[in-house]
Amino acid sequence: MRTSLRSVRGARSALALLAAGALALSAAGCGDGGDDGGPPGGGKGGSDTIRQTVRLPKLDGQKLKVTAVWTGAEQKGFTKVLEEFSRRTGAEVAYVPSGDDMSAFVGSKIAGGDPPDVAMLQQPGALREFAQKGWLKPLGTEAAAELDKNFTKGWQDLGSYEGKRYGVYFKVSNKSLVWYNTGVFEGAGAKEPKTWPEFLSTAQLITDYGIPAVSVGGADGWTLTDWFENVYLSQAGPEKYDQLAQHRIPWTDPSVKDALTALGRLFGGKGLLADGNGGALQTQFPTSVTQTFTGGEEPKAAMVFEGDFAAANVIGAGARIGKEAKVFPFPAVGAKAPVVTGGDVGVALKDGPAAQALLAFLASPDAARVWAGQGGFLSANKNLDLAAYPDEVLRSIAGAVVAAGDGFRFDMSDLAPASFGGKPGQGEWKHLQDFLKNPGDVAGTQQKLESDAAKAFKS
């Protein structure tokens, strides 16, 4: 899912609400240590001391410009990270929002001779594009060492291009979650399913109880790509997922048929979807969440699938997470449950010790701990203590990302050319919407997907 481009200002407002305190999250103060950026000590920074695991240079008098798409509460969360970096190093850091079109923003700044020192990019494709154009500076020794220490090879590779490491994935999302209305589950006698057959059985049990089982935001085509990616990753496995993501196998491959057939058992089930298939196609993502948690004893659905960013829509509906609303991992369709992710990667656009020091800081548990305590943030840093998160729900969601090791996969549609994976009314979005309308047309859907994929990847 392209969280910055696909309205997901819904996604961003979701995390904003989390960080703003809708989950009664307490903000963690900036940590402290010696003035030399060395071992823990002192106590002049914030209300809580953050243990220092990374040594940073003294950068007094140096200025650093950082850009990201984040605004609102996300900007506030990241600003606290930058303030901690500034406190430890003495560097003067300025944050500049880029707007949603990061490529255009950075391109204009480079053309004008004044690029930011560090940018936080949203798609692997943007990192590849910038690297191809020669805009990026490889990670320095210290940043690379922090990356080696704190991140699995999968995350390191995702921030690399042609064998060189350029990026640090600082903020991630877990997009393999199903949120559910606890009142409906209790009334129907349903339990959290762990496998796809159990999920379908649970959906039927709830529908028989009198509430449609699943709310689908089919008006936003990206939600349907997320459904497909989770089913496909679990059923076909990581190797096939990589091959399909790079179009090294066609969309007419039998593995795609199997995934669409499995998904079709839900989309084609009688009465399983809120407002039926036609209604699902008219339902936008925020509504798909809120209608699951409003209506008292008769909500429009019992479950809704999407990432951790759905939390704010849940809260906006008046449900308390952990009470009226709970969450379980996307069920295993194959041997293992899937973990599909998105994320923001920090890259250096200028040479210099300040930019490299910031990337080293972002690769450390220290930086992640600053934001984690505020909520609205997940990290793939395997050495970040999960206790840094302010509640058990966030701990479990973040823990699933870390526990996946190298078994996670990044959002497939974000890895594809935008003309195929990220445009309303065309490519994956359009053909999966057509599939939602007619779940029996597996072969026809495959053919249309392959036709558009072939054109997009050739271009």
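Report, ordered by the first and then the second residue, all pairs with beta carbons closer than 6 Å, sequence separation of six or more or different chains, a first member in segment 281-296 that is over 15 Å from residue 224 (Cα atoms), and a second member that is open to solvent by 40 Å² or more (accessible area, probe 1.4 Å).
The qualifying pairs are 291/300.
With the structure loaded, tell me whether residue 187 is open to solvent by 20 Å² or more (accessible area, probe 1.4 Å), of a type outside the set (Ser, Thr, Tyr) and at pLDDT 95 or above or whether it fails that test.
Yes: the conditions hold for residue 187.
List every residue pair whose Cβ atoms lie under 6 Å apart, where the two residues are 6 or more positions apart in sequence or sit on different chains, the first residue falls within segment 80-103 and is on the phi > 0 side of the Ramachandran plot, and the second residue, located anywhere, is crowded, with 21+ Cβ neighbours inside 10 Å and in a loop (DSSP other than H, G, I, E, B).
90/59
If you scan segment 135-171, which residues turn out to be more than 17 Å from the chain's Cα centre (by Cα), closer than 20 Å to residue 116 by Cα and aliphatic (A, V, I, L, M)?
Of everything in segment 135-171, those that are more than 17 Å from the chain's Cα centre (by Cα), closer than 20 Å to residue 116 by Cα and aliphatic (A, V, I, L, M) turn out to be 136, 139, 143.
Please work out if residue 287 is open to solvent by 50 Å² or more (accessible area, probe 1.4 Å), at pLDDT 95 or above and over 20 Å from residue 210 (Cβ atoms).
Details: open to solvent by 50 Å² or more (accessible area, probe 1.4 Å): yes; at pLDDT 95 or above: yes; over 20 Å from residue 210 (Cβ atoms): yes.
Here the answer is yes, as residue 287 does meet what is asked.
Could you list, in sequence order, all residues of segment 301-324 that are part of a loop (DSSP other than H, G, I, E, B) and surrounded by 22 or more Cβ atoms within 10 Å (Cβ to Cβ)? Lay out the reasoning, then the answer.
Residues of segment 301-324 part of a loop (DSSP other than H, G, I, E, B): 301-302, 306-307, 317-320, 322-324.
Hits for segment 301-324 are 301, 302, 306, 307, 319.
From 137, 133, 153, 149, which residue is closer than 18 Å to residue 109 by Cα and modelled with pLDDT of 95 or more?
None of the others qualify; the one that does is 137.
Which of the residues that make up segment 397-427 are of a type in the set (A, V, I, L, M) and over 20 Å from residue 128 (Cα atoms)? Steps first, answer last, please.
Initially, segment 397-427 is screened for residues of a type in the set (A, V, I, L, M), giving 397-398, 400-404, 412, 415-416, 418.
Correct list: 397, 398, 400, 401, 402, 403, 404.
Give, as residue ranges, the helices (runs of 4 or more DSSP H) completely inside segment 383-459 that count at least 3 residues that are open to solvent by 50 Å² or more (accessible area, probe 1.4 Å), at pLDDT below 95 and under 30 Å from residue 146 (Cβ atoms).
Working: elements: 392-403, 412-415, 418-421, 427-437, 442-458.
The helices (runs of 4 or more DSSP H) meeting that bar are 392-403.
Please work out which residue is farthest from residue 396 (Cα to Cα), limiting yourself to segment 167-225 and to residues that are among the aliphatic types (A, V, I, L, M) and in a loop (DSSP other than H, G, I, E, B).
219
I'm checking my understanding of the structure. Among residues of segment 236-263 that are more than 15 Å from residue 450 (Cβ to Cβ) and more than 25 Å from the chain's Cα centre (by Cα), which one is surrounded by the fewest Cβ atoms within 10 Å (Cβ to Cβ)?
Going through the qualifying residues, I end up with 261.
Please go through segment 94-150 and give me each residue that is surrounded by fewer than 19 Cβ atoms within 10 Å (Cβ to Cβ), under 16 Å from residue 360 (Cβ atoms) and of a type in the set (Val, Ile, Thr), ordered by number.
141, the sole residue that qualifies.
The values are calculated or read from the model by the stated rules, or taken from the named source; none is laboratory data. None of the values given here were measured: they were computed from a predicted structure. A quick note on method: Cβ atoms are made from the backbone with ideal geometry, for glycine too, and the neighbour counts reach across all protein chains shown. Heads up: the accessible areas ignore ligands, DNA and RNA and are worked out on the full protein's heavy atoms, side chains in. Shrake-Rupley method; radii C 1.70, N 1.55, O 1.52, S 1.80 Å.
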